[in-house]
Structure formats: C-alpha cells, structure tokens
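I have placed the structure first, in the form of structure tokens, so that the comments after it can refer back to it.
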C-alpha cells in the first residue's frame, strides 16, 4: 500500500516535470562536435569594410553569434551582447556577429535598430558548414583565449548562464 | 499522515513546475504575436507531421512520398536540406510567398505536400505560418507542416534522417 502511494507520488512529480519540459525545445541539443576543438578560422570583412580575422583574436575570449534579421529570438539577445562587449571588453571579450541573411540591407537595418556596434560579417552556407552546419538560429559559440570552442548555445539561450560562462573564460577557468 | 504530506508536497512540486512551463509558453506566445506575423502556432496540430513519420515516408519511397518544400532560408537550404526537397522561398517574405505560388502553379490541388523550415524553434518560426496559409488559401487540400521543435539541425540532421547538400 505504502509503495503504491510512493509510486503514485513519483508519477505525479514526473507528470509535472514532463509538462514543465513542454513540447518545444524540451530535448537537450546533441553535443557539438566542435566543443574543445580549435574554432574554425575564417577571414571576412565586416559591414564597415573592416577585416575580421578570427585567428587574430587569439588571447581574447570570443562570443561568436550566428543570427539573421528574420530571427526574433536572435534580436532579443543582441542588445545584451552589445552591452557585454562594453562591460567586458577591457577584460578581453570580443563579440563577433555572423549574419545568415542573404542580403546585407536587412542586416544593417537590424544592427542600427538594436545599437549593435561590434563587428558583424555576412555568413553563407560555406561558413555555416565550417561550423558543422548552422541549421537553426540563434547559435552562439564561446571561444576561449586559447582559440578552442568552449561552449555552444543553441536556440533561446539562458543568457545568465552564458554570461556566467563568459566570466569563467575571462578568468581563465 | 506522513504519506499524505508526501503526496501533497510532490503534487505541489509537479503543479508548480507545470505552472512555470505554462507561464514560459505564454511568454513565447506574446512575443510571437508582437512579431506581427503568422506564427507557426497558427497551424493546427492535425496538419502537422512528425519528423520520424516523414522520414519513414521518404525512405519507403513510391507513391506515398509527398512533395516537400523548404520555406525558410536559402543559405540553410544550401548547407543541407531534406533529400528530394525543393527550395520554395522564405514564407515570411513577399518574394518568398511569390516563389512558392509560382512553384505550385502546376501542382494538383490534392497533391500531398509537406512544408518545412526549422530556422528557429517552432514557436518562433516566421516562415511556416504564412507559407501554410498561402497553400491553404490557394486551395491545396493535403498540406502538412513538418513539426521541428528546436530546429532542422537538432530535429532532422542529428537524427540521421535523409539529407542532401548543395543547391
């Protein structure tokens, strides 16, 4: 009798947790094969025509964010990234955006609207494939001072967790 | 007495978790509505097809295989797309809907069609809702929307379902 009650109690808890998990985004994304590997290098010009060479950021912590102008959750994150660039820039953070828009016009418009002042380069299928296939947005990689990919955030990310990880990387942890 | 208290605590924890989830989903819905576009949430569940089911149809081949249109990003299509699918333009853009309309111009109204995107989590996808509505308004009667909860990478590619690369 007692064990049946306990079983029912656990079933109630499990049901609640399942409901909490919900349908969208319930599953943990599969681990990225790039984790703890050197970040794939690329060189592109940003929207202002400045050269962006990922390898040149060695010694800095890089937040590499793939986004697009049609991606609503991307635009929730970007003002925070701009604020972090200012807050943690002196400590060694560099934010780099990769727009997966086909045209730069929409990218420029959104950057202006959101006050994005960090470098943004135009991405394409080649760059997406270099990063293992960017098939959904947003996706953000954190790259350590040693140039290795240390974290990947896909979809609607927990920005507090991301910021905590950035601080750890800036502290060399 | 102890048992009753245990049940109450566990039950409350479960209900609390469910309430939190419901709140989170409501938040997402508000954002989608604020975005001002036809959300994927407007597509009825009866018109959705799960990835496993579609993969099965593709692998089985034959007459049961539907016509599949990608209604999202052309860049993502170039990176990888469902084997045999056709790029039909992003549903959130007028040019995309025009392309979709021209592509289906010679398709029978009762043809089995599957639309997919997977650019963003389902609740935030700007492309699926308008594309589905367009085909519905054009009189297509057997249109299904592929339900990709997180994105095309996690819910299709990572599961080993059939993918082709290139344009």
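No lab work stands behind these numbers, since they all come straight from the coordinates. Remember, predicted model here, so these are calculated numbers, not experimental data. With ideal geometry, Cβ positions are generated from the backbone for all residues, glycine too; neighbour counts draw on all protein chains shown.
Worth a mention:
- Prolate/oblate/rounded label for region B:127-167 (Cα gyration tensor, a/c 1.5): prolate
- Net lengthening on full extension, residue B:141/residue B:101 (0.36 nm per residue, minus Cα-Cα): 12.9 nm
- Approximate spin-label separation residue B:110-residue A:87, in nm, with each point projected 7 Å along Cα-to-Cβ: 6.0 nm
- Peptide A:149-159 has a mean shielding of 2, counted as Cβ atoms of other protein chains within 10 Å of each residue's Cβ.
- Counting Cβ atoms of other protein chains within 10 Å of each Cβ in B:144-152 and taking the mean gives 4.
- Beta bridge orientation in region A:41-173: antiparallel %, DSSP, nearest 5: 60 percent
- Distances between every pair of Cα atoms in region A:62-110, grouped in 5 Å steps from 0 to the bin holding the largest one, split as 5, 21, 29, 22, 14, 7, 2 percent.
- Cα gyration tensor shape of region A:32-170, rounded if a/c is under 1.5, else prolate or oblate by comparing a/b with b/c: rounded
- Protection proxy ranking of B:52-59, A:71-78, A:122-129 - average other beta-carbon atoms within 10 Å, highest first: A:71-78, A:122-129, B:52-59
- Kirkwood Rh and Cα Rg combined as Rg/Rh, region B:82-139: 0.94
- Three semi-axes of the equivalent ellipsoid, region B:40-164, Cα gyration tensor, whole Å, largest first: 19, 17, 14
- Based on Cα contacts under 8 Å between residues 6+ apart, region B:40-164 shows a relative contact order of 33 percent.
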